[in-house]
Amino acid sequence: MFACKKKEIYPETPSIEYKSYRFLSDQSGLDSLLILQFSFKDGDGDLGLSQADTLAPFNPVIDSTGKSINPYYNNIHIEYREKYLGVFNFVTNPFNVFDTLTYAYRFESITPDGRHKAIRGDVEVSIGPSYYPNAKDTTIYRFYIYDRALHKSNIAETPPIVWIRR
């Protein structure tokens, strides 16, 4: 008698789902770091980038402010929005008025070994608070990922998050 593990089948385009968030506080009890957790699924397991992935289409095209403008250089993209008059709006980057405040990260390749490449798991991302004049205390984050085939996942969103600020 033997048992086989059922082969999981997912689409080749990654999908993500918001799971949770939590705060880490500084010594004075103020929120200093947001830990965002989301789950992912990908049918061909081509998630993540190695340190060597710096040639097109993963090359770091840099604008005059030093920001990478190539969306494929980073594989996690997070849009920051603040609540103002009951509506969540993009926020202008205080260092570049032609840009909105976003976060972008790269994570290492997590392609599984073996013949079957379907993969699922969880990701945690650490996000620092946006301390700039007139920052609001209620925010949301919308986020998505890219795989190495340049497939963009769905967009997931946090619930409203209230920061404890100075």
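Every number in this text was worked out from the coordinates using simple rules, so none of it is lab data. Note that this is a predicted model, so its numbers are computed, not measured. Don't worry about glycine lacking a Cβ; one is built from the backbone with ideal geometry, like all the others, and counts go over all protein chains shown.
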Quick one: net charge around Tyr141, please, counting Lys, Arg +1 and Asp, Glu -1 for every other residue with C-beta under 10 Å from its C-beta.
0
Multiply the residue gap between Ile155 and Asp113 by 0.36 nm, knock off their C-alpha separation, and tell me the result in nm, one decimal place.
12.3 nm
Please identify, among Gly45, Gly29, Gly114, the residue showing maximal mean-square fluctuation in a Gaussian network model of the chain using a 10 angstrom Cα cutoff.
Gly114
Residue-by-residue Karplus 3J(HN,Hα) for the stretch 35-45, coefficients 6.51, -1.76, 1.60, Hz, glycine and proline x
9, 9, 10, 9, 9, 9, 9, 8, x, 10, x
Which order results if Leu55, Leu24 are arranged by neighbouring Cβ count within 10 Å, fewest first?
Leu55, Leu24
Just tell me which aspartates and glutamates come within less than 19 Å, Cα to Cα, of Lys41; anything on the same chain fewer than 8 places away is out.
Glu8, Glu12, Glu17, Glu108, Asp113, Asp122, Glu124, Asp147, Glu157
What list of ³J(HN,Hα) couplings, whole Hz, do you get for the stretch 72-81 from phi and the Karplus terms 6.51, -1.76, 1.60, once you set θ to phi - 60° and write x for glycine and proline?
8, 5, 9, 10, 10, 10, 10, 9, 9, 9
